[in-house]
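Shown next, in structure tokens, is the structure this report addresses.
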Amino acid sequence: MEKLIDTEIRGPLGIIRMQRPPVNALGYALRGAISDAHRAFEADPAIKATVLTGDGKFFSAGADITEFDTGRKKPYLTDLIAQLEEGSKPVVVIINGIAYGGGFELSLGCDYIYLLPGAKLAFPEINLGNIPGAGGTQKLPRLIGGPKALDIILTGKPIGAEKALELGIAEAIVADEDDALGVITAAVNAGLPRRPIRDLTVPGSADELEAAAEPYLRKSRGALAVRKGVEAVGMAYSVPIDEALQWERDTFQELNVSSEARAQRHIFFAERSARKIEDVPADTPLRQMDSAGIVGAGTMGTGIAMCFANAGIPVCVIEQEQERLDQGLARIRQTYESMRDKGRLSTEAAEERIALVTGSVDLAALADADIVVEAVFEAMDVKHDVFSRLDAVCKAGAILATNTSTLDINKIAEATDRPQDVIGMHFFSPAHIMKLLEVVRADKTEKDAIATTMALGQRIGKIPVLVGVCDGFAGNRMFINFNREAQILIEEGALPWQVDKVFTDWGLAMGPLSVMDLAGLDVGYRIRQARGPQTPYPFTTADRLAEAGKYGQKTGSGWYLYPEGARRGVPDPDVEKLIEEVSREKGITRRAVSDEEILHRCLWQMVNTGYQIVEEGIAQRTSDLDVIFVNGYGWPRMRGGPMFYAQETGLARVAADIARYHEEIGPHWKPSALLLEKAKAAGA
Ligand code: NAI
């Protein structure tokens with residue numbers, strides 16, 4: 001049978017040590033074992049107090065999330081906590097390591113909390129679209145006040161032992177378990193009274209909470225869990241605890257089945273499965289990666305260099321001229337200094353990272369690099385030149401990666417005699433911030449180079465998703481079709497501000513036209529010009545704007561007007577006239593387009609393209625595409641990504657819409673065979 005706990009009697013203390021590897025997840029069997037041991041200690045007159053702790057790095061990582069979908073068994077965590085609270089003897093907890101979610105709530109069900117130096121506390125429920133459901137929202141405010149509790153509940157961020165002590169969560173930080181037991185024994189011998197946290201009075205007043213809640217509500221884009229979290233903490237001030245606990249439990253159950261929570265659970269699991277590579281075994285030996293080189297110290301190269309330095313990997317940046325190199329290195333230094341000035345990085349850490357980045361104007365400096373990432377201008381002849389020179393200088397076995405976003409990596413690889421080592425590492429701007437990394441395997445990329453690059457991606461703090469070579473890879477190929485549909489809808493009768501509002505209401509931070517204005521209409525224009533005529537759906541209005549020098553925010557006008565450098569655009573009557581003119585030229589009679597049509601046509605374009613991408617083997621699974629949009633394009637986790645949204649809507653309905661659009665609108669709606677197959681299976 002699985003070992004769940006260890007018990008020990010030491011002096012007046014009955015000790016329960018959770019021992020359920022790997023993380024002491026609080027499944028029903030562990031809950032039952034703690035409950036039985038506590039009951040036995042309560043019945044033993046020689047024992048004066050119960051001590052609850054964990055072992056190793058984990059106190060408890062919280063609920064067993066597999067139980068969320070399979071249903072739970074008694075005793076529930078709330079039953080166990082009530083039992084500890086109703087006992088006759090104090091229960092003291094020693095948090096030895098990670099105490100997240102239910103693990104933290106279990107601690108708050110005890111009378112006193114001691115911390116070991118490695119303790120880390122958090123309520124990560126918000127990241128899965130929920131709030132703590134076993135008393136956390138009522139007891140944490142009683143210990144530290146509503147505003148501070150709210151911050152922990154709504155950010156989901158872990159706090160360390162020092163911070164927890166400073167906030168007033170714990171009695172003390174103690175060096176190790178033996179010391180903690182010594183301190184607790186002394187307290188018990190001196191007559192330690194019971195002090196259930198649930199019986200404390202919340203310090204401060206409810207008015208402070210309202211002001212503290214405002215920024216979270218504003219930034220949450222209407223997330224239900226955030227609203228409920230604020231409401232819950234408010235109840236700690238005004239509602240009797242048993243009533244509030246019942247409300248919290250009911251709300252937890254309700255949120256658990258909400259579409260937002262389902263979406264966030266989907267992304268949680270999708271991010272984990274994205275690491276698996278179907279034809280590359282998990283135990284593939286990895287190449288040693290101890291040093292990196294970057295070619296090109298522009299926007300992307302400098303950001304990528306910082307990713308390596310952040311992970312403690314020395315990185316050498318190459319530029320063609322000293323002046324540009326100096327500028328690039330200065331930008332890196334400034335970024336770290338500004339992080340230090342804002343308190344996001346210690347002085348030592350900032351200096352260490354700056355020191356890890358060196359530079360040269362001689363490519364030969366990369367002779368010993370384990371990996372080189374090329375981020376020079378986006379032109380095949382320039383890339384060819386760089387890769388043939390890398391082939392000449394780099395050591396055997398070095399990985400040669402390109403950050404190209406539009407070029408054929410198979411062709412880039414042809415510039416070398418080692419195509420097996422050539423791979424795409426497609427970062428997203430700003431590279432040191434955006435989590436997504438598309439790892440692009442080319443036809444000849446060796447499996448161990450793929451496995452190594454995926455592992456390295458994680459090591460430098462990214463969420464790597466494996467894709468194959470095609471125009472735009474996975475993310476941009478889907479995104480461009482989303483944008484194209486928005487253009488077509490505008491020519492049919494919608495206006496830019498209507499399209500944008502549909503998507504901000506849906507949960508995106510910005511609509512597609514505002515994004516174009518931010519990125520610069522000249523960027524897309526140049527790419528389209530380089531590619532030649534786009535039939536049958538040219539971005540006519542966008543091209544006209546670019547040709548008129550209206551590039552968006554940076555020129556004060558684009559799809560919107562930006563009076564006096566404003567960051568939020570206002571509708572521009574001239575743009576409306578231009579759009580009407582384009583419709584007229586194309587012989588289109590403008591009509592009222594509904595918000596629903598805008599939402600579905602733009603999203604289903606992406607979804608159909610997404611299924612084509614999987615069908616062609618460019619991506620391994622549809623959930624990878626959701627990971628791409630959530631981590632690279634700022635899409636809201638609470639929607640779970642475009643593919644998940646289609647699955648939630650019902651693939652049969654999505655496929656029927658797409659078939660209708662194919663008939664009514666045009667050939668770019670040809671349904672993906674894989675989508676039709678899945679829709680049939682889902683509809684059966
Ligand atoms: P950039 O123009 O800011 O930087 C390119 C740098 O490469 C310049 O500093 C240039 O002097 C240098 N360079 C050119 N030829 C060189 C050579 N032979 N040796 C050494 N250095 C050389 O361009 P950016 O935006 O950083 O783009 C670089 C690459 O990243 C391109 O392939 C681009 O498509 C890709 N990319 C860009 C993204 C973006 O949002 N800007 C996003 C993802 C990929």
To the nearest 20 Debye, how big is the dipole of the range 292-471 about its Cα centre, given +1 on the beta carbon of each Lys and Arg and -1 on that of each Asp and Glu?
660
Net dipole in debye of the range 5-257 [+1 Lys, Arg Cβ; -1 Asp, Glu Cβ; about Cα centre; nearest 20]:
320
At q = 0.09, 0.10 Å⁻¹, what is the log10 ratio I(q)/I(0) for the chain, with the Debye formula run over Cα points and no solvent?
-0.92, -1.09
With axes computed from alpha carbons, what is the tilt in degrees of helix 299-310 against the longest principal axis of the chain, rounded to the nearest 10 within 0 to 90?
30
Fraction of alpha-carbon pairs in the range 292-471 farther than 27 Å apart, rounded to whole percent, equals 20
Running Debye on the range 5-257 with equal point scatterers at the Cα sites and no solvent, what base-10 log of I(q)/I(0) appears at q = 0.09, 0.10, 0.17 Å⁻¹?
-0.36, -0.44, -1.31
Rounded to the nearest Å, the spacing of the alpha-carbon centers of the range 546-577 and the range 232-285 is 41
Taking amide hydrogens as modeled 1.01 Å from N in the peptide plane, which residues meet the under 5 Å criterion relative to Ile5, leaving out close sequence neighbours?
Gln19
Taking a probe of 1.4 angstrom, what is the accessible area of Asp362 in Å², to the nearest 10?
90
Part-to-part distance (alpha-carbon centres) for the range 84-102 and the range 385-435, which is given in Å
52
If unit charges are put on Cβ atoms (+1 for Lys and Arg, -1 for Asp and Glu) and the dipole of the range 108-195 is taken about its Cα centre, the option from Ala180, Ala119, Pro132 lying farthest towards the positive end turns out to be Pro132
Quick one: length gained pulling Ala592 to Arg275 fully straight, 0.36 nm per residue minus the C-alpha distance?
109.7 nm
Rounded to the nearest 500 deg cm²/dmol, what is the calculated helix-only ellipticity per residue at 222 nm for the chain, with -39500 (n - 2.57) per DSSP H run of length n ≥ 4?
-15500 deg cm²/dmol
Quick one: Debye curve from the C-alpha atoms of the range 512-656, no solvent, what's log10 I(q)/I(0) at q = 0.11, 0.14, 0.15 Å⁻¹?
-0.56, -0.89, -1.01
Can you give the three extents of the C-alpha atoms in the range 464-514 along their principal axes, from longest to shortest, in whole Å?
36, 23, 14
3J(HN,Hα) from dihedral phi, the range 558-564, Karplus parametrisation 6.51/-1.76/1.60, rounded to Hz, x for glycine, proline:
x, 5, 10, 9, 10, x, 6
What does the accessible area of Val361 come to, in Å² to the nearest 10, when a probe of 1.4 Å is used?
70
Per residue value of the accessible surface for the chain (all protein chains in place, 1.4 Å probe), Å²:
42
Starting from 0.36 nm per residue, how many nanometres of slack lie between Asp362 and Glu585 once their C-alpha separation is accounted for?
74.9 nm
Heavy-atom accessible area ranking, 1.4 Å probe, most first, across Tyr562, Tyr551, Tyr100:
Tyr551, Tyr100, Tyr562
For the range 342-415: relative contact order, % (alpha-carbon pairs under 8 angstrom, 6 or more apart):
34
Assigned charges on the beta-carbon of Lys, Arg, Asp, Glu; the chain dipole about Cα centre (debye)
660
Calculated FRET efficiency for the pair Ser88/Ala396, C-beta based, R₀ 60 Å, to 0.05:
0.25
If you count, for each residue, the other Cβ atoms within 10 Å and average over each peptide, how do 20-27, 301-308 line up from highest to lowest?
301-308, 20-27
Between the Cα axis of helix 496-506 and the main Cα principal axis of the chain, the angle (0 to 90°, nearest 10) is 20
Helix 77-86 vs. the chain, principal-axis angle (Cα, 0 to 90°, nearest 10):
30
In Å and whole numbers, how far do the C-alpha atoms of the range 320-362 stretch along each principal axis, longest first?
34, 15, 8
Surface accessible to a 1.4 Å probe, Asp417 within the full protein complex, Å²:
140
Burial-style ranking of 236-246, 422-432, average other-beta-carbon count within 10 Å with highest first, yields 422-432, 236-246
Among 571-581, 627-637, how do they line up by average Cβ neighbours within 10 Å per residue, starting with the highest?
627-637, 571-581
Using 0.36 nm per residue, how much length does the chain from Gln529 to Lys73 gain when fully extended, once their Cα-Cα distance is taken away?
157.9 nm
Using a 1.4 Å probe over the heavy atoms of the protein chains, calculate the carbon and sulfur portion of the accessible area of the chain as a whole percent.
52
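The values are calculated or read from the model by the stated rules, or taken from the named source; none is laboratory data. The structure displayed is predicted, hence computed values, not measured ones. Here the Cβ is made from the backbone with ideal geometry for all residues, glycine too, and neighbour counts use every protein chain on show. Just so you know, the surface numbers come from the protein's heavy atoms only, side chains and all, with ligands and any DNA or RNA stripped out. Shrake-Rupley method; radii C 1.70, N 1.55, O 1.52, S 1.80 Å.
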